[in-house]
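This report refers to the structure that appears directly beneath it.
The values are calculated or read from the model by the stated rules, or taken from the named source; none is laboratory data. For clarity, every value in this text was computed on a predicted model and none was experimentally measured. Glycine also receives a Cβ, built like all others from the backbone with ideal geometry; neighbour counts cover every protein chain displayed.
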Amino acid sequence: MTEGCVFCDHDQLRDADLCFENDFCIYSSTRDPRDPPDVMPAAGAIVPKVHRASVFDLTAEEWAATRELLLLVRAELHHRLAPDGYTLGWNDQGGLHPHLHVIPRFDDEPMADHGVRSGIKDPANRRPDPWRPGTGRHMAGS
């Protein structure tokens, strides 16, 4: 655990609306409190429990655990919101606890074709009804 690291605060991560956990990682829908709460409200991150300097330092077990949680999160988000797709993106900034953003995307969001974080940071990306399910087209054929 690294002092002052928000991703090392596992209790805070567990307080999220949606949280999954295994021996190596935690998925939490908790976000930066500065983000507009109704812009992509189901977005979250998968965080290794052990503070690593870089995503490139993850163990084989942490990689497997990340995939395991990603599949659980995908199933739950599909059940809750039926996203039209997903944006996934690793944040690996020298010394910051690496984490994998999991952002459900919807055809009716204004910034659907923009970058990884623009979808959750910009109030211009507020959907007409943020909690209305999408078409679920991402799940077709899975």
TODO: Filter segment 8-55 down to residues that are buried (at least 16 other Cβ atoms within 10 Å of the Cβ), of a type in the set (Asp, Glu) and under 17 Å from TRP90 (Cα atoms), then give me how many there are.
DONE: 0
Task: Yes/no for ARG132 being out of contact with any helix residue (DSSP H, G or I) (no Cβ under 7 Å at 6 or more places or on another chain) and surrounded by fewer than 15 Cβ atoms within 10 Å (Cβ to Cβ) - done: yes
Task: Criterion (in contact (Cβ under 8 Å) with a residue 24 or more places away in the chain, touching a helix residue (DSSP H, G or I) at 6+ places or on another chain (Cβ under 8 Å) and more than 23 Å from MET111 (Cβ to Cβ)) met by exactly one of THR59, THR87, THR66, THR2 - done: THR2
Open item on the list: Being assigned to a helix (DSSP H, G or I), surrounded by 20 or more Cβ atoms within 10 Å (Cβ to Cβ) and modelled with pLDDT of 85 or more is the filter here; which residues of segment 72-125 pass it?
Closed with: VAL73, LEU77
